[in-house]
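Working notes for the structure below.
The values are calculated or read from the model by the stated rules, or taken from the named source; none is laboratory data. Being a predicted model, the structure only gives us computed values, none of them experimental. Glycine gets a Cβ as well: all are built from the backbone with ideal geometry, and neighbour counts include every protein chain shown. Surface accessibility is based on the protein's heavy atoms, side chains included, excluding ligands, DNA and RNA. Shrake-Rupley method; radii C 1.70, N 1.55, O 1.52, S 1.80 Å.
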Amino acid sequence: MSDNEVVKKYPISAVRYGMGKEIQLYKDELVVTSLEEGHEIRLPLEELKRLILTPGDPTPSKLVLMADLTDGETIILAEGMSNAKDFRALLPHLQELHPDLELDPPDMGEQLRQALNTKRAWSLTCYGSIVLICVLLYLLYLAVAFLGTHHP
């Protein structure tokens, strides 16, 4: 291979969120891209000391991902990340590549799993309530129609 050829690296894991935003994990670096804002953050894995995941300020379901670096600096990697499912799938790969990485909260994967289960349960409850209300309204309509036809 010559020096002029570009080597295409494929991510081990990728998390897409928002319009044109993505977190990509390679075997030696973490890349956060934002096409809207036109910036890209590339962090070698050995520079990462700790990943911090917090709920968003106005909307808790839109997560904020921050990183503490080995030089003592803390940077915001992603704001408004809403793809908890794919981010949870990225965590084992990240911990395998960088076993010394600290997570804040320490049980980040478990908390994301619980959040996804809670969201799923809440959605089912809402949909179930709407279906129940529709069925009750239909039964009320049938009762009124029945009484209306048999009442002189």
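Could you identify the single residue in ALA143, ALA89, ALA121, ALA115 that is in contact (Cβ under 8 Å) with a residue 60 or more places away in the chain and of a type in the set (A, V, I, L, M)?
The match here is ALA89.
Among residues belonging to region 7-18 that are free of Cβ contacts under 8 Å to residues at least 40 places away in the same chain and not hydroxyl-bearing (Ser, Thr, Tyr), point out the one that is surrounded by the most Cβ atoms within 10 Å (Cβ to Cβ).
Ranking the candidates gives PRO11 first.
Would you mention how many residues in region 19-42 are outside any strand (DSSP E or B), open to solvent by 40 Å² or more (accessible area, probe 1.4 Å) and not hydrophobic (A, V, I, L, M, F, W, C)?
5
Condition first: open to solvent by 40 Å² or more (accessible area, probe 1.4 Å), in contact (Cβ under 8 Å) with a residue 40 or more places away in the chain and outside any strand (DSSP E or B). Now tell me which residues in region 43-62 satisfy that. Explain how you work it out, then say what you get.
Step one: list which residues in region 43-62 are open to solvent by 40 Å² or more (accessible area, probe 1.4 Å), which gives 46-47, 49-50, 54-55, 57-62.
Of the ones still in play, those that are also in contact (Cβ under 8 Å) with a residue 40 or more places away in the chain are 46, 49-50, 61.
Matches in region 43-62: GLU46, SER61.
Are there strands (runs of 3 or more DSSP E) fully within region 63-152 with at least 1 residues that are farther than 19 Å from GLU22 by Cβ and open to solvent by 60 Å² or more (accessible area, probe 1.4 Å)? List them.
By residue number, 74-81, 102-104.
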